[in-house]
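Peer 1: Quick one: this structure, given as structure tokens, is what I'll be asking you about.
The values are calculated or read from the model by the stated rules, or taken from the named source; none is laboratory data. Keep in mind that what you see is a predicted model, and the values were worked out from it rather than measured. No Cβ is skipped: glycine too gets one built from the backbone with ideal geometry, and neighbour counts run over all protein chains shown.
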Amino acid sequence: MPNAPSRGAAVVIGVGNELRGDDAAGLLVARRLRERAATQAVVLACQADPAELLTAWTGADLAIVVDTIVSGAAPGTIQRFDVSAAPLPAKLIGFSTHGLGVAAAIELARALDRLPGRTIVYGIEGSSFSAGAPLDPTVERAIGETLTRVMAELAVASLPGAP
């Protein structure tokens, strides 16, 4: 994973496994965002252990994490969670195709006082995580919508006086 952002910057981190179907969604958002918003944020892809998040967002005032979730919603549903002051909902904590899930990495960072002041998680509901599975078409559409939402969030964050 490339270097962490400079102090005060925003970082967007896409988490996932491109070999496991819908689990690639976070990575795909990061790759597409990198082409469009390179001046607004440091954009990183995390394909290994989400514990890398602790290093990736060091120095950032705003961290946006994008990952695939399983919450029981319809595939392609996008959920936004502000985890700056509260953990992810309990229904999301147990699922992860990664060794340490995003929720656990966030709570570890919180315990170590290494969580950015503003930390947002975008979750894209997935349905297929089998090795070699293609993206569900609803997840593919959600990737584009999530990209739009993250870009809007970055634009607001860059306004003078923004939190």
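Peer 1: Which residue, of LEU115, LEU100, is at pLDDT below 90 and either within 15 Å of the chain's Cα centre (by Cα) or surrounded by fewer than 20 Cβ atoms within 10 Å (Cβ to Cβ) (or both)?
Peer 2: Answer to the check: LEU100.
Peer 1: I would also like to ask the following. I'd like to know if the range 47-60 contains one or more residues that are assigned to a strand (DSSP E or B), within 22 Å of ARG149 (Cα to Cα), modelled with pLDDT under 95 and not basic (Lys, Arg).
Peer 2: The answer is no, given that none of the residues of the range 47-60 is assigned to a strand (DSSP E or B), within 22 Å of ARG149 (Cα to Cα), modelled with pLDDT under 95 and not basic (Lys, Arg).
Peer 1: Could you list, in sequence order, the residues of the range 38-63 that are under 26 Å from ASP136 (Cα atoms) and in contact with a helix residue (DSSP H, G or I) (Cβ under 6 Å, 6 or more places away or on another chain)?
Peer 2: Those that are under 26 Å from ASP136 (Cα atoms) and in contact with a helix residue (DSSP H, G or I) (Cβ under 6 Å, 6 or more places away or on another chain): VAL43, LEU44, ALA45, CYS46, PRO50.
Peer 1: Related question: Tally time: how many residues in the range 79-94 are crowded, with 16+ Cβ neighbours inside 10 Å, at pLDDT below 90 and in a loop (DSSP other than H, G, I, E, B)?
Peer 2: Final tally of qualifying residues: 1.
Peer 1: So, one more: Looking only at residues that are more than 25 Å from SER130 (Cβ to Cβ) and buried (at least 24 other Cβ atoms within 10 Å of the Cβ) in the range 45-78, which one is farthest from the chain's Cα centre (by Cα)?
Peer 2: ALA60
Peer 1: Can you find a residue that is touching a residue at least 60 places away in the same chain (Cβ under 8 Å) and in a helix (DSSP H, G or I) anywhere in the range 101-123?
Peer 2: yes
Peer 1: Identify, please: which residue in the range 118-144 is within 17 Å of the chain's Cα centre (by Cα) and more than 20 Å from ALA63 (Cβ to Cβ) and is, among those, surrounded by the most Cβ atoms within 10 Å (Cβ to Cβ)?
Peer 2: Among those that are within 17 Å of the chain's Cα centre (by Cα) and more than 20 Å from ALA63 (Cβ to Cβ), it is GLY126.
Peer 1: If you don't mind, there's one more thing I want to ask. Among the residues of the range 17-32, are any surrounded by fewer than 16 Cβ atoms within 10 Å (Cβ to Cβ) and modelled with pLDDT under 90?
Peer 2: no
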